[in-house]
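Take a look at the structure set out below.
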Amino acid sequence: MTIVVGDPLIPELKDYGISDNIDLCYNCGNCTAVCSLAGEDAMFPRRVIRLIQLGAKQKLLENPDPWDCYYCGNCSTTCPRGAEPGEIMMGMRRWLTAQYDFTGQSKRLYTSVKSFWLLAAFWFVLPLIMLLGIHTIGKSLWPELDIAIVTDEVALNRFAPVEIIEPIAHIYAIYLVLILAQGWFRMWRNVMGDPAVKGKASISDYVKEGIAQFWSIISIKKWSNCETSQTRRKYKHWILAISYITMFGIVTLALEWFQTDEIYDILNPQRWIGYLITIGLVYATGEAIIGRMRKKEQLHKFSHHTDWMLPISILVVALTGIAVHIFRYLGFPILTYASYAIHLGVCVVMLSTEVGVAKWSHIFYRSLGGYLVALKARVINKTKIEA
């Protein structure tokens with residue numbers, strides 16, 4: 001294998017939150033030795049760190065190993081030099097996400113706190129402008145909807161008609177999917193562009209490995225294989241993922257059923273599904289925020305500014321959703337509309353900065369990364385046998 005040594009990458013990667021202690025690493029390999037997920041086909045973190053030290057940018061782009069790391073913390077707690085290899089892998093995932101994102105938004109989010117807040121402000125204001133447009137231009141475009149700010153009763157669907165909001169949500173969902181899809185494509189192109197496997201994977205290899213990896217991805221099987229106790233963390237993430245995906249599905253596919261001025265009975269699925277989603281989001285994000293504040297776990301020892309964005313934004317979305325529900329049932333119109341506007345703004349911030357280009361996209365890239373690790377191993381082993 002030929003490795004082209006390039007310009008130093010460490011200064012650039014430190015902008016993505018990689019620990020300054022990376023300079024202490026002398027590549028002893030202890031981190032790989034203690035990692036229960038590392039192996040012949042995924043010798044992380046050692047291989048990744050060595051490529052960083054060499055400035056081998058292309059080889060890092062071809063290497064999906066960082067996505068196979070679940071940050072159990074064993075490597076960092078046992079590192080004889082305190083080089084924080086687990087945090088290096090975390091920083092590499094941020095850097096790789098920025099390389100996959102053609103919009104450049106990920107790079108701005110990760111490397112500049114100022115840009116981070118400016119982008120968050122932009123995405124927050126955008127839906128508020130949309131609501132303003134609904135109450136100005138929208139009145140003439142959709143006179144049949146009788147758009148108005150009703151103050152003698154709660155009329156949420158006259159303040160923000162679901163007939164307008166739902167199609168916009170569909171377009172927005174397509175935008176997010178396309179952002180993720182282009183990231184997946186760029187990731188696949190980089191990884192499978194490795195000369196060792198380029199053009200050697202057959203359709204059969206893709207299908208067979210896809211079937212083999214499906215359950216591993218769905219069940220987060222590798223997470224369970226970590227030697228440290230990851231069970232609680234695994235289920236906490238499952239609660240968050242199920243609640244989050246259900247919420248996203250409702251917003252994009254069933255908003256007309258969920259955003260209604262009708263007061264449903266307590267036993268109606270519309271209400272208890274909403275309650276379960278809210279409980280799941282509040283519990284999981286609350287745990288994450290408390291963990292980052294306490295810094296007791298290796299995972300929470302370091303916190304990049306974007307690490308706070310996802311749990312805080314989800315928590316605010318959940319709490320403002322609760323506020324809309326409470327004020328609607330109590331019959332407070334202005335408070336209902338204000339809570340809804342804030343809820344909508346924060347929801348767009350969360351989805352725009354996290355689903356498409358930042359923290360939440362890690363889950364999608366991790367799934368594909370694990371698949372590509374196994375696919376590359378399959379192709380390389382097949383090539384050896386054929387040789």
- prompt: Around residue 39, which amide H atoms from residues at least 5 apart in sequence, or from another chain, sit under 5 Å from its own amide H, with H modelled in the peptide plane?
  reply: 44
- prompt: Taking the Cβ-Cβ separation of residue 322 and residue 295 as r and a Förster radius of 41 Å, what is the calculated FRET efficiency to the nearest 0.05?
  reply: 0.90
- prompt: Of the accessible area of the stretch 116-214, with the probe set at 1.4 angstrom, what percent is carbon plus sulfur?
  reply: 73
Distance between modelled label sites at residue 273 and residue 115, nm, 7 Å Cα→Cβ extension: 3.9
message: If you count only protein heavy atoms and use a 1.4 Å probe, how large is the accessible surface of residue 304, to the nearest 10 Å²?
response: 20
- line: Where a ≥ b ≥ c are root eigenvalues of the Cα gyration tensor, a/c under 1.5 meaning rounded, otherwise prolate if a/b exceeds b/c and oblate otherwise, the stretch 21-122 counts as prolate
statement: Placing one equal point scatterer on each C-alpha of the chain and summing with Debye, one gets log10 I(q)/I(0) at q = 0.14 Å⁻¹ equal to -1.22
message: So for the chain, averaging the separation of alpha carbon pairs under 8 Å that are six or more residues apart and normalising by length, what relative contact order in percent results?
response: 23
task: Calculate, axis by axis, the spread of Cα positions in the stretch 233-387 along the three principal axes, and write the results as whole Å, longest axis first.
output: 74, 36, 26
- prompt: So, with a 1.4 angstrom probe, what is the percent of accessible area on the stretch 242-285 that is carbon and sulfur?
  reply: 74
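Rounded to the nearest 500 deg cm²/dmol, what is the calculated helix-only ellipticity per residue at 222 nm for the chain, with -39500 (n - 2.57) per DSSP H run of length n ≥ 4?
-21000 deg cm²/dmol, from helical runs alone.
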- prompt: Taking only protein heavy atoms and a 1.4 Å probe, what accessible area per residue, in Å², does the stretch 116-210 have with all protein chains in place?
  reply: 56
- line: Filtered hits (lysines, Cα-Cα < 25 Å from residue 200, offset >= 8 within chain) -> 57, 59, 208, 376, 382, 384
query: Counting only protein chains, not ligands or nucleic acids, how are 208, 200, 114, 234 ordered by accessible area (probe 1.4 Å), most first?
result: 114, 208, 200, 234
Nearest-10 value in Å² for the accessible area of residue 275, using the 1.4 Å probe: 80
field: FRET E, pair residue 329, residue 215, Förster distance 45 Å, beta-carbon r, rounded to 0.05
entry: 0.60
field: Most to least packed among 266-272, 184-190 [average Cβ atoms within 10 Å]
entry: 184-190, 266-272
query: Under a straight-distance cross-link criterion of Cα-Cα below 20 Å, which lysines are reachable from residue 295, leaving out those fewer than 8 residues away in the same chain?
result: 234, 236, 359
task: Provide the per residue accessible area, probe 1.4 Å, for the stretch 251-387, rounded to a whole number of square angstrom.
output: 45
message: Which order do you get for 253, 145 if you rank them by accessible area with a 1.4 Å probe, largest at the top?
response: 253, 145
List 113, 324, 34, ordered by accessible area with a 1.4 Å probe, largest first: 113, 34, 324
- request: Please identify the helices of the chain, taking whole runs of DSSP H, that span at least 15 Å along their own axis as judged from the Cα atoms and have a mean Kyte-Doolittle score of 1.0 or higher.
  value: 113-134, 305-330, 333-350
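The values are calculated or read from the model by the stated rules, or taken from the named source; none is laboratory data. In this text, all values refer to a predicted model and were calculated from it rather than measured experimentally. Here Cβ is always computed from backbone atoms with ideal geometry, including for glycine, and neighbour counts include all displayed protein chains. Note: accessible area is taken over every heavy atom of the protein model, side chains too, but ligands, DNA and RNA are not part of it. Shrake-Rupley method; radii C 1.70, N 1.55, O 1.52, S 1.80 Å.
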